[in-house]
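These notes concern the structure reproduced below.
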Amino acid sequence: MTGTGITQPKRDAYKVQPDGRFGNVQIDLPNLLYHHKLKVYNGEGILMDKKAPIDLVELLTKRYNPRTNYSDKSIKTFQDLVKLSGLPVHSGSGKFHLLKKKERCDNKVIRIIQDPNDLIERMSVLIGEIAAGNDSDIVKNELSDIADILLNKNIILSEQHKDIFEKYLSIIV
């Protein structure tokens with residue numbers, strides 16, 4: 001695979017082929033499908049080796065479903081894969097808009113996080129910012145919102161929720 005002349009069939013422009021081919025790269029399909037581990041290779045070696053979000057498997061192996069809310073992590077990984085693959089732009093593909101996806105409001109990028117793992121990761125970042133001295137109301141409000149979402153989804157216990165408010169938001173619950 002040298003990268004010249006390799007394209008996906010028009011109908012499956014951004015869909016991994018049954019042999020694991022995705023443009024100029026090769027995806028280890030058994031690892032992706034059975035272990036949710038994304039291993040991407042080119043002729044020179046491994047390009048990507050990381051845990052794959054569950055919805056990434058659907059995004060890469062099935063037709064685009066506009067009703068599916070793909071996680072931010074899956075969309076970002078998908079964008080990275082398309083860049084690595086060297087696939088041409090197929091604006092007619094349903095997945096095309098995911099390559100340009102950013103939700104904007106008043107010229108500010110707004111991220112809507114739905115995946116619990118992404119929420120926990122973002123919460124860790126916010127806690128680190130507060131611990132480092134960032135006293136911004138925006139940071140505190142976002143941490144509060146994420147803690148509430150995780151509690152409502154039964155991902156954290158009420159004791160953990162209470163600890164977050166007492167330690168980082170200076171609110172006695």
Considering amide H positions built from the backbone, and no H for Pro or chain starts, which residues 5 or more places from M48, or on another chain, come under 5 Å of its amide H? V40
Take the residue pairs K37/K162; K62/K162; K50/K153 and return only those whose Cα atoms are more than 32 Å apart. K37/K162; K62/K162
Amide H neighbours of G86 under 5 Å, counting only residues 5+ apart in sequence or on other chains, H built in-plane at 1.01 Å? N24
With only Lys, Arg, Asp and Glu charged, each at its Cβ (+1 for the first two, -1 for the last two), find how big the charge dipole of the range 113-168 is about the Cα centre; round to the nearest 20 debye. 120
Which one of I120, I155, S136 has its Cα pushed farthest toward the positive end of the charge dipole of the range 113-168, where Lys and Arg give +1 and Asp and Glu give -1 at the Cβ? I155
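Readers should treat all values here as calculations from the given coordinates under stated rules, not as data from a laboratory. Here the structure is a predicted model, which is why all the values come from computation and not from measurement. Glycine also receives a Cβ, built like all others from the backbone with ideal geometry; neighbour counts cover every protein chain displayed.
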